Amino acid sequence: MSSNIKIQRICQHCGKEFTARTTVTQYCGDACAKRAYKARQKAAKVETSNRQTKAIKEKPMEDLKAKEFLTIRDTATLLSCSRQTVYNLIKKNILQSVNLSERKTIIKRSDIDRLFQLTPLQRPAEEQVQDTFDPDECYNLKEVQALYRISEKALHELINRNSIPRYKQGIYAYVPKAQIDSLFGPQINKETKTREP
């Protein structure tokens, strides 16, 4: 039984107006229907290819998220920052790490997650000591070097290793006398070159 319906429609492929015999006809002819089908097939293949490419690109990141322990390079990739930034976070005691050897530093994945759980009120120890800073109770770094005859590099390493807080005022950096004296022991007498009791 043939349809007597005749309605004007716009072809979904070529955009031309045509007379359709049904209310669901989308194309003006067989040629446009075939071209539209090929276009849909092509778009589906492109979409599948894009999904596969995205999965391949994201796989290293997913692997990093699954690791429990990360290297400096892995941490920098995960945080989308430079390796120097990661070293700076470690130096400021914001991020905890373990040195397995001279060239191998490991960071726990849970410590990285904890970075994003800090509230604005939670500040590193170096910043908190500034609120209670008393210059009379502190040495500047040059004084520590002179008193204990230690190089600048060695002093910085000891301060970082022992998590001694520092306070910067102008061009000088200060450290608490009590912690420094406890770390180094009795001071060296400059005249006799012997240690004071």
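The values are calculated or read from the model by the stated rules, or taken from the named source; none is laboratory data. Only a predicted model underlies this, so the values are computations on that prediction, with no experimental measurement involved. Here Cβ is always computed from backbone atoms with ideal geometry, including for glycine, and neighbour counts include all displayed protein chains. Quick note on the areas: whole protein, heavy atoms, side chains included, nothing else; ligands and nucleic acids left out. Shrake-Rupley method; radii C 1.70, N 1.55, O 1.52, S 1.80 Å.
Might you let me know whether the stretch 179-195 holds any residue that is under 28 Å from residue 95 (Cβ atoms), surrounded by 12 or more Cβ atoms within 10 Å (Cβ to Cβ), modelled with pLDDT under 85 and of a type outside the set (D, E, K, R)?
So in the stretch 179-195, the residues under 28 Å from residue 95 (Cβ atoms) come out as 179-180, 182-184.
Right, trim to surrounded by 12 or more Cβ atoms within 10 Å (Cβ to Cβ) and you get 179-180, 183-184.
Imposing the further condition that a residue be modelled with pLDDT under 85 reduces the set to 183-184.
Keeping just the survivors that are of a type outside the set (D, E, K, R) gives 183-184.
Taking every residue of the stretch 179-195 in turn, at least one turns out to be under 28 Å from residue 95 (Cβ atoms), surrounded by 12 or more Cβ atoms within 10 Å (Cβ to Cβ), modelled with pLDDT under 85 and of a type outside the set (D, E, K, R).
When residues of the stretch 9-51 are filtered for being in contact (Cβ under 8 Å) with a residue 24 or more places away in the chain and hydrophobic (A, V, I, L, M, F, W, C), how many remain? Steps first, please.
As a first pass, look at the stretch 9-51 and keep what is in contact (Cβ under 8 Å) with a residue 24 or more places away in the chain: 12-13, 36, 39.
The next check asks that each one be hydrophobic (A, V, I, L, M, F, W, C); those that pass are 36, 39.
Counting residues in the stretch 9-51 that are in contact (Cβ under 8 Å) with a residue 24 or more places away in the chain and hydrophobic (A, V, I, L, M, F, W, C) gives 2.
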- Scan the stretch 74-88 for residues that are within 21 Å of residue 100 (Cβ to Cβ) and open to solvent by 90 Å² or more (accessible area, probe 1.4 Å) and jot them down. 83, 84, 87
- Item | Hits in the stretch 64-73 (condition: in a helix (DSSP H, G or I) and either open to solvent by 70 Å² or more (accessible area, probe 1.4 Å) or touching a residue at least 24 places away in the same chain (Cβ under 8 Å) (or both)) | 65, 66, 72, 73
- Message: Tell me the residue from 54, 59, 91 that is surrounded by 10 or more Cβ atoms within 10 Å (Cβ to Cβ) and in contact (Cβ under 8 Å) with a residue 60 or more places away in the chain, please.
- Response: 91
